[in-house]
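To keep things clear, I will list the structure first and then write my remarks on it.
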Amino acid sequence: MKTALYRLLAAIVLMAPLIGLAADEGTSTNTLEELRQLRLRTEALEKKIVETRPAASSAPTLAAESTAAQKPPLSESAMVRGWRSFQSFNPEISAIVDMFYHADDSADGISHVTEEMSGFGHSHSGEDHHHGETENGFNLRHLELQFSAEVDPYFKGSAIAAVDLDGAEMEEAKIETTCLPYGFAVRGGKFFSDFGYINAQHSHQWDFVDQPLIYQLTLGPHGLNDIGAQLSWLAPTPFYLLAAVEAFQGKNDMIFAYCGEDPLPHHNGPRVGVGWLKFGPDLPGNHGLQAGLFGAMGKDQEAHDGNGDGDSDHWLDGNSMFWGADCVYKYNSPQPHGKGDLTVQGEYFNRRKDLDMIANDLNPALVGNHRIDDQDGYYLQAVYGFCERWRGGLRWEQVGLVNTTKLPDGSREDFGSSYRAGVMIDFTPSEFSRLRVQVNHGGYETAAGREPATEFFLQWMISIGSHGAHKF
Amino acid sequence: MKTIARVVAVMATAIGPLVNAGADGLKIVTTTSDLAAIASAVAGDKAEVRSICTGREDPHFLQAKPSYIMRARDADLWIRIGLELEIGWEMPVLDGSRNRHIRPGAKGHLDASECVNVLEIPAIPVTRAMGDVHPSGNPHYWLDPFNGRCIAVAIAERLGQLAPADAALFKANAAVFQQSLDERMFGAELVKSEDGGRLWLKVREGTLEKYLSDAGKADKIGGWLGAMRPLRGKKIITYHRSWSYFADRFGLTVAAELEPKPGIPPSPAHLAEVIELAKAQGIGIILQEPFYSRKAADLVADKTGARIVVVTNSVGGEAEAIDYLALMDLIVSRITGTP
């Protein structure tokens, strides 16, 4: 039933642009007419250049100049400008290089500690999570190659290739409508879900080197990024209200994993549905506020190797869901170079996994029983521009305030909570480069008790190519 | 498919009236307050004009906040400065607004830089090692009153296309705006006997002085041009490369900027060079906007005795700058040191 619902949702989402196109027939002829007129105008201008060139020394006629409607005569510089705007038909291209030095004082490395955290530390689909692991010493994040352009009067497109030492990966490749009426927009492709605040941000946009702990533990280093479609609607209300539904294939191996491996059942995609709302009052002056609510549900499968012999021996299948809330406040100071700017943001995230034991080679009696995982977490951070080009930030995080696992044998485990505190200072020489130093200290709840760890980061990143623009 | 189309159609008819509710006249949204001031003068009471930037902020560094998206959502006409001034936030606002009528290329999108004289278009390929250089030219063009005049006409033309019934009114309003601008530029007395358009032509040819002295009216130059006459040919220092158009129009030369490169805050080494230069060339004026720190200017003024002129370059940036003409009045009076 649910799968059928997801499929219907996806169908609606995908059909919407076609409807928009049909309703938009008038625009396309308009555009053709505009193009024709533009060409005529260009021809007229070219004629004018030819006409005015030889007579450049003689004064332009008074009649032409005194009517104020006249544009200034086409100068050589204006022609240069014409060429430049022609060039902008090419997609905007940029690349981001992001490296950091990391050191921590834990025995096996911080990545090992976070992987072993009670209640969170399962390796779900049987894969190792080497991706996104932070090593002591130098780290190079993937090189982000971004391409974006208006496709035509109806769509825009963008793609981000993530290149690292192991090869290239498609981080995003999406098509978005720009032509739909009544505040609707449809997106399709592979993209970051827009739920919450930080999920849709790329790592170079974060105000701290690392991702919030709750995101890392529940969604993995890439957050919720999947192949799917999104239908969003900007309401015609006197305040800002944006609502969206998203359908994804379900390829996140932390929360919406799908292995399809025997004996697990087969599920058709899309297997994940997401819904979210964002609200923003019309604040005066330099204040900006946005608050959101979100929820998601989808199929989830796990294959485990209980006896450690290298082969899966028990299999779970069911649904995972998460819900939460986000809020961000920004003060944009009138002082230059970010002095006095303030950003305060926080998100709460709660997840539940409700999985059925499908098969169990070790203890067949448990088949049909449930395992339910309830975990949550939040982060709260503030970043302030204390000086021109310099910012300082504090972040406080807790995970596992709710941290229980109901096991298939009917027993219930209650784990404790973990915390992490971070402080960072960054320097932004220009809009295209940034240096950052950050220190984290955390107490992580693992099977061995609470493990303290202190981390140090020194980050250096740059952006080359076209000038980016960021959402609120 | 048919059912879906019907559902969407029903939703659309239900929502449609809400979207247009209360939209009596046109809604114009401009990126800067200067464009808003000119648009108000041209639109009169036929449109509601709102600006994204207030005049107290730097339009290059805004955040695409929800309130801006709401304004864009309801706009019939979006007017921008262009030349990449708004590049850091404009598209997220336009994308977020889902308003297809104001996207670049649409009739409801006016890039005011298309109708003005643009200065400082780099003749060689630019790299970012040169600082925040705008590859299509310097975007602070509204500080040349001639460009203000051109913008008014372009807005009237576009408004006329959007609301053909009022096209004549917009044209007339633009003419009134130009008339008042010409009077402030050249002095009311001169504009009484000479056509404003002809005076501008002579200004742009650089032959106004000769033309007027031939006509025996050399002493009749008033307004901003008259007030700025004693400063003609003088060299000044500015904080940012934001006064090129003003300086060019009134015959000032910007000899140096306090910023070593556009968008890079002053460094001690660079200021030492500026001080040397100011001493050597006898530069008497340092011009900067109120949102920049005065420390660098104070230092240079201390060592050279130059006068610091702090004045906004945008409408609404100071209490007196209530509209475009008042802004130019304020700038001229501050620079000339006459209250």
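Counting protein heavy atoms only, region A:281-387 has 58 percent of its accessible area on carbon and sulfur, 1.4 angstrom probe. Against the criterion of solvent-accessible heavy-atom surface with a 1.4 angstrom probe, A:R434, B:R149 sort, most first, into A:R434, B:R149. For chain B, take the longest principal axis of its alpha carbons; what is the angle in degrees between that and the long axis of helix B:2-20, to the nearest 10 within 0 to 90? Relative to chain B, helix B:2-20 is tipped by roughly 50 degrees. For the residues of B:132-143, the average number of beta carbons from a partner chain within 10 Å of their own beta carbon is 2. The Rg/Rh ratio of region B:229-336, with both radii computed over alpha carbons and Rh defined as the Kirkwood radius, is 0.95. DSSP finds beta bridges in region B:229-336, and of those with both partners inside it, around 10 percent are antiparallel.
The shape of chain B comes out oblate: with a ≥ b ≥ c from the C-alpha gyration tensor, a/c is at least 1.5 while a/b does not beat b/c. Take the Cβ atoms of B:A326 and A:L277, set R0 to 56 Å, and the FRET efficiency comes out at 0.80. When both region B:99-146 and region A:254-299 are represented by their alpha-carbon centers, they are found 39 Å apart.
Counting Cβ atoms of other protein chains within 10 Å of each residue's Cβ and taking the mean over peptide A:386-393 gives 1. GNM on chain B, alpha-carbon springs under 10 angstrom: the most fluctuating residue among B:A172, B:A129, B:A272 is B:A129. Taking a straight Cα-Cα cut-off under 21 Å and skipping sequence neighbours fewer than 8 places away in the same chain, the lysines within cross-link reach of A:K330 are A:K278, A:K339, A:K471, B:K65. Which of B:G316, B:G88, B:G206 moves most in a GNM of chain B, Cα contacts under 10 Å? Most flexible of the set in this elastic network: B:G206.
FRET efficiency for the A:V151 to B:E189 pair, using the beta carbon distance and R₀ = 41 Å, is estimated at 0.10.
Taking packing as the residue-averaged number of other Cβ atoms within 10 angstrom, the listed peptides A:335-343, B:214-222, A:386-394 run from highest to lowest as A:335-343, A:386-394, B:214-222. Of the residues A:F208, A:F184, ranked by 1.4 Å probe accessible area with the largest first, the sequence reads A:F184, A:F208. A Förster radius of 30 Å combined with the Cβ-Cβ distance from A:H470 to B:A319 puts the calculated FRET efficiency at roughly 0.40.
Rounded, prolate or oblate: which one fits region A:147-203, using the alpha carbon gyration tensor with axes a ≥ b ≥ c (rounded when a/c is under 1.5, else prolate when a/b beats b/c, else oblate)? Here region A:147-203 falls in the oblate category. Under 25 Å from the Cα of B:K220, which lysines turn up, not counting those fewer than eight places away in the same chain? Hits, sequence-local ones excluded: B:K192, B:K202, B:K210, B:K234. Can you grab the distance from the C-alpha centre of region A:189-235 to the C-alpha centre of region A:345-382, Å, no decimals? Value for the Cα centre distance between the two parts: 20 Å. Expressed as a whole number of Å, what is the distance separating the alpha-carbon centroids of region B:287-303 and region A:168-182? First find each Cα centre; the distance between them is then 46 Å.
In this assembly, the A-B interface accounts for approximately 5500 Å² of buried accessible surface in total, computed with a 1.4 Å probe and without ligands, DNA or RNA.
Solvent-accessible surface of region B:229-336, averaged per residue with a 1.4 angstrom probe and all protein chains in place: 40 square angstrom. Spin-label model, A:S411 to B:D298: label points 7 Å out along the Cα-to-beta-carbon direction sit 7.0 nm apart. Shielding by partners for peptide A:172-185, expressed as the average number of C-beta atoms from other protein chains within 10 Å of each residue's C-beta, is 4.
Extension gain for the segment A:L435 to A:L458, taken as residue separation times 0.36 nm less the Cα-Cα distance, is 7.5 nm to one decimal. A 1.4 Å probe, protein heavy atoms only, puts the accessible area of B:W243 near 0 Å². Annotation: aspartates and glutamates with alpha-carbon distance below 19 angstrom to B:K279 (same-chain offsets under eight excluded): B:E257, B:E259, B:D298, B:D302.
With all protein chains present, calculate the accessible area of A:F147 using a 1.4 Å probe and round the result to the nearest 10 Å². Result for A:F147: roughly 80 Å² accessible. Here A:L380 sits with roughly 90 square angstrom of accessible surface, probe radius 1.4 Å. Each residue, B:A272 and A:L394, gets one label point 7 Å from its Cα in the Cβ direction; the gap between the two is 4.0 nm.
The values are calculated or read from the model by the stated rules, or taken from the named source; none is laboratory data. Being a predicted model, the structure only gives us computed values, none of them experimental. Positions of Cβ are backbone-derived with ideal geometry, glycine not excepted, and every protein chain shown enters the neighbour counts. In case anyone asks, the SASA skips ligands and DNA or RNA and just uses the protein heavy atoms, side chains included. Shrake-Rupley method; radii C 1.70, N 1.55, O 1.52, S 1.80 Å.
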